[in-house]
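Student: Sharing a structure, written as structure tokens. Questions coming.
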Amino acid sequence: MKRVLTVFFLLVVFCSCVKAGKRISSDDFRVVLREMFLADLILERDGTLSRLADSTLVYPPILEKYGYTTEQFLATMEYYAGRPARFKSLLTRVRRTLNEERTEYNQRLTWLNEQKALVERFNNWLNDTVSGRHDFVAKQSLKRILPADPSDKQAWRMDRDSSYAVPSGKLLAVIDTLQVRDSVPLYLSAPRSFRPRINISLKPE
């Protein structure tokens with residue numbers, strides 16, 4: 001923001017030498033200033049870009065994005081130079097918008113990190129070979145549903161995906177208790193069709 005304000009005061013000095021054009025509307029001007037502030041923030045955080053960047057090369061593409069020219073920007077700055085109260089109010093709204101976006105971004109980043117940690121815990125549990133028999137059954141069932149190739153794993157979202165797509169049928173686990181060591185083969189049994197025990201036929205009277 002300091003960079004933009006510095007450029008602002010420098011431009012005001014040369015505004016008298018520039019032919020006045022159509023001013024940018026207040027709403028669009030607020031959006032343009034927001035993008036300029038963000039561009040300055042990126043330049044300040046990257047030392048290499050900050051040394052190589054030139055305001056005459058950074059700002060015009062932002063103006064062209066919204067269909068304005070440098071002359072219109074200068075005319076708008078000249079307008080607000082004579083109305084400091086309005087310019088201060090406009091900058092306050094821009095700052096408020098940036099703070100709201102930063103808060104929303106931080107909340108989104110926190111949520112993504114929590115989801116990433118949850119997925120990592122789930123994958124560690126799924127690939128853990130030391131577990132009880134009941135966990136083994138559940139893991140084998142999940143491995144039949146999830147892709148075998150780890151690189152082909154789909155994004156798992158606990159709060160959105162209530163279930164995975166599975167073939168029609170009931171997933172059953174059979175434990176062979178006659179063997180010394182229990183084996184747990186899994187198979188899919190097709191759902192049984194319902195048939196009434198008593199056939200009832202209704203004849204019209």
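The values are calculated or read from the model by the stated rules, or taken from the named source; none is laboratory data. This structure is a prediction, so every number in the text was calculated from the model and none was measured. Cβ sites come from the backbone with ideal geometry, for glycine too, and all protein chains shown count toward neighbours.
Student: Considering each residue of the range 23-42, count those that are without any contact (Cβ under 8 Å) to a residue 40 or more places away in the chain and under 17 Å from ARG83 (Cα atoms), and give that number.
Tutor: Residues meeting the conditions: 2.
Student: Taking the range 66-86, which residues are surrounded by 15 or more Cβ atoms within 10 Å (Cβ to Cβ) and in a loop (DSSP other than H, G, I, E, B)? Show your work before the answer.
Tutor: Quick first cut of the range 66-86, residues surrounded by 15 or more Cβ atoms within 10 Å (Cβ to Cβ) only: 68, 70, 72-81.
Answer for the range 66-86, where residues must be surrounded by 15 or more Cβ atoms within 10 Å (Cβ to Cβ) and in a loop (DSSP other than H, G, I, E, B): just TYR68.
Student: Okay, moving on. For TYR59, are the conditions met, namely being modelled with pLDDT of 90 or more and under 17 Å from ILE24 (Cβ atoms)?
Tutor: Working: modelled with pLDDT of 90 or more: no; under 17 Å from ILE24 (Cβ atoms): yes.
For TYR59, the condition - modelled with pLDDT of 90 or more and under 17 Å from ILE24 (Cβ atoms) - is not met.
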